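These notes concern the structure reproduced below.
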Amino acid sequence: MPLAESLDERVARVVNATPVQDIHTHLYDPSFGSLLLWGLDDQLIYHYLVSESFRYSDLPYDRFWSASKSEQAEQVWRTLFVERSPVSEACRGVLTTLQAFGLDPRERDLPALRRWFQDQKPADFVDRVLQLANVDSVCMTNSPFDDEERAYWEKRPARDPRFRSALRIDPLLLAWSASANRLRSWGYAVSDELNAATAGEARRFLAEWTQRIGSIYCMVSLPPTFQFPAKTEAAWLIENVVLPHCRDFGQPFALMMGVKRAVNPALRMAGDGVGLSDLSALANLCSAHPQNKFLVTCLARENQHELVVLARKFRNLHPFGCWWFTNTPQLIREITTMRLELLGTSFTPQHSDARVLDQLIYKWKHTRAELTRCLAAKYAGLEAAGWPVTDAEIERDVRALLGGAFSEFCGRTGTE
């Protein structure tokens, strides 16, 4: 007679079997050609690994950046996988991904591993990665201010329905003068002066791009210095352009808070840092605009507790993800456990933030392992209190955490 599954085994089975909606990535629809990154070299020159490799190297930054992609990948591989143990989370992720494809990196044979990827057909590879990661859909990050990306959208590409869109508007809010020049060149009658006419034209811009790309939310990445209300262009544009736009379309406004750009410019994309955000700005937004919905993630570990407490007070606030520097197993366990204990299942514990398609595999495999640990511990506590959980209840909860709570939040109407 087979032994009954333990609670841990039951939770693991459900968590691993449940498809996920990945609500924030930096991936692209396959129809966008070379913008969709995939393969081993792109994994190895991921900015997490690039910055880590410089920890062990005196190589001048400009010499690294002047090298070809393959030469950069070889430098990272040699530094992090050959000359020392790849114990960091980003390094382990590469190994998890290779293992999922049935590849053995123990021979340290980079050319052989590369050949396997070179033999893959892109369309088939996309299908295989989504299947291995058990991901139903991914949400892209789409900026009309990116010239290369905008050119694809203007061609009206045939879309893969598994790749959803989010409208990224950082330049609009954080560099208004330059953005106003661009909007005028595209036929929007905005002025440098922030007034009602400019607000109307900026809203027309957001509306047309929301419809063009079919975005499901509007988003911005904000520095730790962000304040609201404030006598700043960003605060004025949020109040008079972005929030009315989101209300018109019934969409959340996603705030990714706490990134310090270009702490070390020589590292390029790998050179950004983290800072403590003043979440009174978020509290003020949620309080002053109860009909708007806010998706929020914070980069600093020190902001996580306050963010959860604010979510208990404002039902128009939905915390999501363990972003960037908090995407490590230890912090995922800590943050997810805290959110479960204070919010139940009314949050989204993770998004992959993947820039390379292959990363979906490791980011979700590692996340599922931590989510299983967190949930199993919570359910054990319930059983000790006389509330045994059924498989159906576990399945319901996991569906919520892996995309259901996000969908419900996005579909909710007014929250007054």
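Read-outs: derived from the displayed coordinates by stated rules, not from any lab. Since the model is a prediction, treat every value here as computed from it, not as a measurement. Positions of Cβ are backbone-derived with ideal geometry, glycine not excepted, and every protein chain shown enters the neighbour counts.
Ignoring everything except DSSP H segments at least 4 long, calculate the 222 nm mean residue ellipticity for the chain; use -39,500 (n - 2.57) per segment, divide by total residues, nearest 500. It would help to have the intermediate numbers written out before the result.
Values: 20 runs with 200 residues, N = 416.
Dividing the helical sum by the residues of the chain leaves -14000 deg cm²/dmol.
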Spread of Cα-to-Cα distances over 10 Å intervals beginning at zero, given as percent, for the chain:
4, 21, 30, 27, 14, 4, 0, 0
Output for the stretch 1-105: GluC sites (Glu not before Pro) sitting in coil per DSSP, at most 12 other Cβ within 10 Å, listed by number, reads Glu5, Glu83
Return the percentage of antiparallel bridges among DSSP beta bridges fully within the chain, rounded to the nearest 5 %.
10
Suppose R0 equals 60 Å. What FRET efficiency, 1/(1 + (r/R0)^6) with r the Cβ-Cβ distance, do Glu9 and Arg63 give to the nearest 0.05?
0.70
Segments 176-186, 383-393, 14-24, 92-102 sorted - mean Cβ within 10 Å per residue, highest first
14-24, 92-102, 176-186, 383-393
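As an exercise, use a Förster radius of 41 Å and the Cβ-Cβ distance of Arg55 and Asn195 to find the FRET efficiency, rounded to the nearest 0.05.
0.25
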Fewest-first sequence of Lys313, Lys231, Lys260 by Cβ atoms within 10 Å of each Cβ:
Lys231, Lys313, Lys260
For the pair Lys121/Ala100, report the inter-label distance in nm, with labels modelled 7 Å from Cα in the Cβ direction.
2.2
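Using 0.36 nm per residue, how much length does the chain from Lys155 to Ser34 gain when fully extended, once their Cα-Cα distance is taken away? Don't skip to the answer; put the middle values down first.
Numbers: separation 121, 0.36 × 121 = 43.56 nm, distance 1.53 nm.
Extra length from Lys155 to Ser34 when fully extended: 42.0 nm.
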Any aspartates and glutamates whose Cα falls less than 17 Å from that of Lys121, other than same-chain ones fewer than 8 residues away, would be Asp29, Asp41, Asp42, Asp160, Asp358
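Based on other C-beta atoms within 10 Å, arrange Thr141, Thr225 from fewest to most.
Ranked by crowding around the Cβ, least crowded first: Thr225, Thr141.
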By how many nm would the segment from Lys231 to Glu83 lengthen if fully extended, with 0.36 nm per residue of separation less the alpha-carbon distance?
48.1 nm
If every alpha-carbon in the stretch 246-320 counts as one equal scatterer, what log10 I(q)/I(0) does Debye give at q = 0.18, 0.28 1/Å?
-0.72, -1.25
Checking a compactness column here: for the stretch 213-280, what do you get for Rg(Cα) / (2.2 N^0.38 Å), N being the number of residues?
1.29
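Using only the Cα atoms of the stretch 18-169, what semi-axes does the equivalent ellipsoid have when each is the square root of 5 times a gyration tensor eigenvalue? Give whole Å, largest first.
Details: eigenvalues 162, 79, 42 Å².
Rounded to whole Å, the semi-axes are 28, 20, 14.
What percent do you get for the relative contact order of the stretch 224-300 when only Cα pairs under 8 Å and 6+ apart count? Don't jump to the answer; show the numbers that get you there.
Details: 104 pairs, mean separation 30.8, N = 77.
It comes to 40 percent, rounded to a whole number.
If each residue of separation counts as 0.36 nm, what is the full-extension length gain between Arg162 and Arg108 once their alpha-carbon separation is subtracted?
Details: separation 54, 0.36 × 54 = 19.44 nm, distance 3.44 nm.
Stretched out fully, the Arg162 to Arg108 stretch lengthens by 16.0 nm.
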Please enumerate, by chain and number, the lysines with C-alpha under 30 Å from the C-alpha of Lys293, excluding those fewer than 8 residues away in the same chain.
Lys231, Lys260, Lys313, Lys363, Lys365, Lys378
Can you give me the three principal axis dimensions of the stretch 288-416 from its C-alpha atoms, in Å, biggest first?
41, 40, 27
